[in-house]
Each structure stands twice: as C-alpha cells, then as structure tokens.
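I have placed the structure first, in the form of structure tokens, so that the comments after it can refer back to it.
Quick note: the coordinates plus some simple rules give every number you see, no bench work behind them. The model shown is predicted, which means the values in this text are computed figures rather than measured ones. Here the Cβ positions follow ideal geometry from the backbone for every residue, glycine too, while neighbour counts run over all protein chains shown.
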Amino acid sequence: MVKARMNRVVAIVTGILVVASSAAHAQVVGQSQRPPETMSLSGPRAGITFLSPSVVDQIRQDYNRDLNPVISQFGWQFEKRFMTSDTGATAVTEWVVLFGGVDQGVVIPSLTWLLGMRTVGGIEIAAGPNLSPAGAGVALAAGVTMRAGNLNVPFNVAVVPSENGPRVSFLLGFNAKRR
C-alpha cells in the first residue's frame, strides 16, 4: 500500500516535470531575458514527512530510536530569484534546512539544495541533493505559491527516493518580497 502510494507520488512529480519542460521547449528561440534581478524570498516552513518502513527501520538500527512513520518538519527556506524571462518565468535557487521529528522527541536535521523554475502563475518545479541521517538522495519538488500583495504562501510536495527508501514531505510557509 505504501509502495503504491510512493509510486503514485513519484509519477505525479515526474508528470509535472515533463509538462513543465514541454512548456519550456515551446518558448520562442532567442527570447530575451530581463537583466538579472535578484530577490530574496526566504521564510519559515512547516509540514510533515512520510517515512517509508525501511527508513523507519534504518533509523531504529542506526540511532536506536522508534519513530512513527509520519514526522513533523520545521525549518527555514533560503530562496533567491536570479533570472526572469519576458514571460514572467523565473529561475530560483533554494536551500531548505529542516528539523524533523520534534513531535516525537527527536531532531532529525535535513539539508536540501534545489534549483528550479517558477511560472508567473506561481507553479514551481525543482530538483537537487538532499542530505539527512535518513539517507542521501535527489529531492524532486513541485508546488504552487499563492500571493496576496507582497505576501507569498508556498505549498510544496517533495519526494526523496534513497537507498533506504523514499521520504515524501508536504510543506507550507510564507515569505515577503525583499530586494
């Protein structure tokens, strides 16, 4: 059951990446870019992560800790927008520092570096390395950012397949545009 869900989540994220890359290929060749205008979009993040049974077993063996397969996540996302096209699509780089499991009396640190694209409508895709005591892997993330004036409220899902099993996170947060 868990494996079927994980396969479904990976298929959805892959589908989003394929659709987004198709849209990027449909852009006009030679399309100009705006001069690089960096903007900080950093802010707090909170959510949950679903750990596969093999990740829970690995943590039990390596750290002698019994965890429920769903852990809390709290942290900070350091995000910079560094390129914008005439269509409004922007390139972003993000460092996400999370501390999971606090709800269960443990602290599981996680560091992820993502490189991605965001559409003018707030749809985002990104990928990059993830390091955690639960294992290293490549994070695949997708989400949408809702806007209200200068306030941004991102909703993201991330999947990290690794040798110890997949981890799936759902995060939300907020930030305000700062130059």
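Calculate the spin-label point distance for residue 102 paired with residue 172, positioning each point 7 Å from the Cα along the beta-carbon direction, and give it in nanometres.
1.7 nm
Calculate, for residue 61 and residue 95, the FRET efficiency according to 1/(1 + (r/R0)^6) with r their C-beta to C-beta distance and R0 25 Å; round to the nearest 0.05.
0.30
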